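Asker: Below you'll find the structure I mean.
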Amino acid sequence: MNLFKIAWRNLWRNRRRTAITSASILFAVFFALIMRSFQLGFYDHMIRNVIESFSGFLQIQHIDYQDDPSLENTFPYSAELQKTIESTPGITAVVPRIETFALASTGNQTKGALIMGVDPVRERSLSNPENLLVRYRITHEGIDRLNEDGGLPQPVHEKLKDILGNSYTNTGSIAMDLELDEKEDSKILDAIASVSHFPGRYLENQDDGVLVSDRLAKYLRLTVGDTLILMGQGYHGATAADLYPVRGIIKLINPELDNKIVYMNLPYAQDFTGVGDKVTAVGINLADNSDKNMLAIQRSLAEKLNSDKIKVKNWKEFNPVLVQQIEGDNQSGKAFLALLYFVIFFGIFGTVLMMIHERHREFGMLVSIGMRKTKLALIMVIEMFLIGVLGVISGTVISLPLLYYFHIHPIRLTGGLAQTMEDMGFDPLMPLAWTESYVIWQGLIVALMVVLSCLYPLRKVLKLKETEALRN
Amino acid sequence: MKVIELKNVEKIYNDSEFKVHAIRGIDLDFEEGEFAAIVGPSGSGKTTLLNMLGGLDKPSAGDIMIGGTHINELKGSKLIDFRLHNIGFVFQSYNLIPVLTAKENVEFIMQMQRRPAAKRLERTRELLEKVGLGDRLNSRPNKLSGGQQQRVAVARALASKPRFILADEPTANLDSVSTENLLDIMEQLNREEKITFIFSTHDARVVKKAKRVITIEDGKVIRDEWKEEDVR
């Protein structure tokens, strides 16, 4: 009869108590996992929104650019520099850019715009504007044509009215907004797509046209084929102004960027601003985004470039606001988790105390007949450990399917919350992170709770007086 | 051969307000194969004496030797191990481990002694047969009557092959049939296998079966009587 077997059987002496204690751990683990997963998923979402699909994990900038992001703090981008960067292992994308601000106008409407001078081919590996081209737009005319054709279910028809004016890059997004299944409702989607086609194409090399972001285009009442007027200040304070034909409308995930971006060919942007062969930044994406790898490549690149005019920065350095947002939120999340762990601790502690009280006499008998107190204490620790394991495993098993589902199908926020997120510059999605080290951490922390909650009762067992216990 | 020797044993409980003199200078010897009962009114010191004999409590003065070992000098796990190998206990309220079967309860004590599994099993069966529970090996305590549980407790006490068995009011919770049954078994074990039993009891039926009756009052031995057939 080994100690483990005795401990296991002891658990089922008071099934209800074991069930209640395990359930308290189960719910705490469940809530902790879901909450933490939401947090980590959201951070990942933010990083993907802002870093991976826009700025790059590393950037090469003029040393003064971050403090004074103007065209005066640009640096020459040569084929040699490009070759040096690309020769560094672990780099997947090297994307030169000019970023500057200008007024975008169509005559009647004017708005500040972020001008992105890019290499259309290279940019595919970072923000990939081609993928963001608006290919469908829900219009009155389209809905009317669908009505004439008939056959559209009434609920779909009603939902179509809700998304009137929305632009889409693919039919999957239309299906998501209309809550349709891409496979089962393919005929309905085909019908909607056929009346919602939106023209436009990606920039070609030496193309003199521009891509305008969806919200900016709507504000300026621009469409493909129209002409965009850009006016601003160029290098050394020179006036910059020119006309550009609109080749396509793009829809960016980040609503803040979607309100202001204009993409154009890098040589045209250099010409517009008068900076010659200079760029404001070179965005770099990595095969492995972990902090360790990022810092290693950053160091390696800095050594290779060996320049006092330009500097390699990681995203945490050139985007401290995002880091602060994540860190601030992370701390509040951890505080809530600590509260949950506190609940777990007292749940387990209460059970151990009850157990000690109920079995005091039995403990006295066991020590009297020759059981060492350390073995007795070990039985108790195993019992609590088993309760902890039961709670953690069942809590994890219940959470994982839910985590996986919402990892694959992020919750799309609506109403005020969505607006708040958009105002913060993020797509209003709440994806869940999927099985990262935090699942293991939950187990370790609950194990720690078990150990902590056993300390006082263990002391009681080790100090147990047989005669007193038997009299109990 | 002397199994237990008590020399001028005293026990004083120091309460915050009073000093309670529970045992006052007792000198006693127990020989191998005795079947002795310690009797006396409540509060006379029977249980205190039994606890000290079992190494569960320490005397305030005097010496207790078991098989030549001064047990009041043993501490902690050495004392626990000494009990495991030398003393068997039968308690008033059986005190079996509720989650173990009769067989496991008996085997458990031998497992603590690290005896080989095959020998453990053989002795468990033998002991449970002896106490008449050969057919209840796999019953848990809650499926056994009080008398049956106490018989398992006796088998458990015997399992470690102790020098003697201490039984504190073993019949207090049993009906007359179960009491007779239990006493017959213990008497038989004493007679046939020379196992030493020391009881603390109020029960006249136990006293009747005992070969030696030690009466204590106010912490002192006032009578130490031997039945005729067992006069040393």
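Read the figures in this text as sums done on the coordinates, not as results from a lab. None of the values given here were measured: they were computed from a predicted structure. Cβ atoms come from the backbone with ideal geometry, glycine included; neighbour counts cover every protein chain shown.
Residues checked against (1) among the aliphatic types (A, V, I, L, M); (2) over 30 Å from B:Leu79 (Cβ atoms); (3) surrounded by fewer than 17 Cβ atoms within 10 Å (Cβ to Cβ):
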residue	(1), (2), (3)
A:Glu362	no, no, no
A:Ile369	yes, no, no
A:Phe385	no, no, no
A:Ala433	yes, yes, no
A:Ser453	no, no, no
A:Pro457	no, no, no
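Asker: Within the group B:Arg115, B:Arg151, B:Arg125, which residue is among the basic types (Lys, Arg), under 15 Å from the mean Cα position of the chain (by Cα) and surrounded by 15 or more Cβ atoms within 10 Å (Cβ to Cβ)?
Answerer: B:Arg151
Asker: Further, regarding this structure: Counting just the residues of segment A:1-25 that are in contact with a Leu (Cβ under 8 Å, 6 or more places away or on another chain) and hydrophobic (A, V, I, L, M, F, W, C), which one comes out farthest from the other protein chains (Cβ to nearest Cβ)?
Answerer: Filtering segment A:1-25 for residues that are in contact with a Leu (Cβ under 8 Å, 6 or more places away or on another chain) and hydrophobic (A, V, I, L, M, F, W, C), the one farthest from the other protein chains (Cβ to nearest Cβ) comes out as A:Ile25.
Asker: Going through segment B:147-180 one residue at a time, which ones are in contact (Cβ under 8 Å) with a residue 40 or more places away in the chain, farther than 20 Å from B:Leu84 by Cα and touching a helix residue (DSSP H, G or I) at 6+ places or on another chain (Cβ under 6 Å)?
Answerer: B:Gln149, B:Asn173
Asker: From the list A:Asn166, A:Asn170, A:Asn205, pick out the single residue that is surrounded by fewer than 17 Cβ atoms within 10 Å (Cβ to Cβ), touching a residue at least 24 places away in the same chain (Cβ under 8 Å) and within 19 Å of A:Arg135 (Cβ to Cβ).
Answerer: A:Asn170 is the lone residue from the list that is surrounded by fewer than 17 Cβ atoms within 10 Å (Cβ to Cβ), touching a residue at least 24 places away in the same chain (Cβ under 8 Å) and within 19 Å of A:Arg135 (Cβ to Cβ).
Asker: Among the charged types (D, E, K, R), in contact with a helix residue (DSSP H, G or I) (Cβ under 7 Å, 6 or more places away or on another chain), farther than 26 Å from B:Lys227 by Cα and surrounded by fewer than 22 Cβ atoms within 10 Å (Cβ to Cβ): does that describe B:Lys19?
Answerer: no
Asker: Given the options A:Ile143, A:Ile115, name the one that is in contact (Cβ under 8 Å) with a residue 12 or more places away in the chain and farther than 22 Å from A:Asp226 by Cα.
Answerer: A:Ile143
Asker: Scan segment A:57-67 and tell me whether some residue there is crowded, with 17+ Cβ neighbours inside 10 Å, part of a helix (DSSP H, G or I) and touching a residue at least 40 places away in the same chain (Cβ under 8 Å).
Answerer: no
Asker: Counting only residues that are of a type in the set (Ser, Thr, Tyr), give me the helices (runs of 4 or more DSSP H) lying completely in segment B:142-232 with at least 2 of them.
Answerer: B:176-193
Asker: Out of all the residues in segment A:29-45, is one or more under 30 Å from A:Lys309 (Cβ atoms), part of a helix (DSSP H, G or I) and not basic (Lys, Arg)?
Answerer: Taking every residue of segment A:29-45 in turn, none turns out to be under 30 Å from A:Lys309 (Cβ atoms), part of a helix (DSSP H, G or I) and not basic (Lys, Arg).
Asker: Taking the conditions exactly as written (assigned to a helix (DSSP H, G or I) and either surrounded by fewer than 19 Cβ atoms within 10 Å (Cβ to Cβ) or among the hydroxyl-bearing types (Ser, Thr, Tyr) (or both)), does A:Val389 satisfy them or not?
Answerer: Against the criterion (assigned to a helix (DSSP H, G or I) and either surrounded by fewer than 19 Cβ atoms within 10 Å (Cβ to Cβ) or among the hydroxyl-bearing types (Ser, Thr, Tyr) (or both)), A:Val389 qualifies.
Asker: Looking only at segment B:97-114, which residues are farther than 15 Å from A:Val367 by Cβ, within 9 Å of chain A (Cβ to nearest Cβ) and part of a loop (DSSP other than H, G, I, E, B)?
Answerer: Scanning segment B:97-114 gives B:Pro98, B:Val99, B:Leu100, B:Gln113.
Asker: Then there is this: Just a yes or no: is a residue in segment B:73-83 in a loop (DSSP other than H, G, I, E, B) and within 9 Å of chain A (Cβ to nearest Cβ)?
Answerer: Checking segment B:73-83: not a single residue is in a loop (DSSP other than H, G, I, E, B) and within 9 Å of chain A (Cβ to nearest Cβ).
Asker: Give segment B:128-139 a look and list any residue that's out of contact with any Leu (no Cβ under 9 Å at 6 or more places or on another chain) and surrounded by 15 or more Cβ atoms within 10 Å (Cβ to Cβ), or say none.
Answerer: B:Gly132, the sole residue that qualifies.
Asker: With B:Ala117, B:Ala155 as the choices, which residue is within 12 Å of chain A (Cβ to nearest Cβ) and either charged (D, E, K, R) or farther than 20 Å from B:Leu53 by Cβ (or both)?
Answerer: That would be B:Ala117, the only listed residue that is within 12 Å of chain A (Cβ to nearest Cβ) and either charged (D, E, K, R) or farther than 20 Å from B:Leu53 by Cβ (or both).
Asker: In addition: Could you tell me whether B:Arg163 is within 14 Å of chain A (Cβ to nearest Cβ), touching a strand residue (DSSP E or B) at 6+ places or on another chain (Cβ under 7 Å) and surrounded by fewer than 20 Cβ atoms within 10 Å (Cβ to Cβ)?
Answerer: yes
Asker: Now, a different point. Out of B:Gly68, B:Gly55, which single residue is buried (at least 22 other Cβ atoms within 10 Å of the Cβ) and either more than 9 Å from chain A (Cβ to nearest Cβ) or not hydrophobic (A, V, I, L, M, F, W, C) (or both)?
Answerer: B:Gly55
Asker: A further question follows. For segment B:40-49, give me each residue that is surrounded by fewer than 22 Cβ atoms within 10 Å (Cβ to Cβ) and more than 14 Å from B:His21 (Cα to Cα).
Answerer: B:Pro41, B:Ser42
Asker: Also: In segment A:366-386, what residues are within 13 Å of another protein chain (Cβ to nearest Cβ), in a helix (DSSP H, G or I) and either of a type in the set (Phe, Trp, Tyr) or free of Cβ contacts under 8 Å to residues at least 40 places away in the same chain (or both)?
Answerer: Listed by number, the list holds a single entry, A:Leu366.
Asker: Only one residue in A:Val156, A:Val134, A:Val212 is touching a Phe, Trp or Tyr at 6+ places or on another chain (Cβ under 6 Å) and surrounded by 15 or more Cβ atoms within 10 Å (Cβ to Cβ), so which one is that?
Answerer: Only one candidate passes the filter, namely A:Val134.
Asker: Got a number for residues in segment A:62-91 being within 19 Å of A:Ser300 (Cβ to Cβ) and of a type in the set (Ser, Thr, Tyr)?
Answerer: Going through segment A:62-91 one residue at a time, the tally reaches 3.
Asker: Can I ask one more? Return the pair list, or none, for Cβ contacts closer than 9 Å from residues in segment A:447-469 that are within 14 Å of another protein chain (Cβ to nearest Cβ) and in a helix (DSSP H, G or I) to residues that are of a type in the set (S, T, N, Q) and surrounded by fewer than 20 Cβ atoms within 10 Å (Cβ to Cβ), at least 6 apart or on different chains.
Answerer: Sorted first by the residue in segment A:447-469, then by its partner, the pairs are A:Val461/A:Thr374; A:Leu462/A:Thr374.
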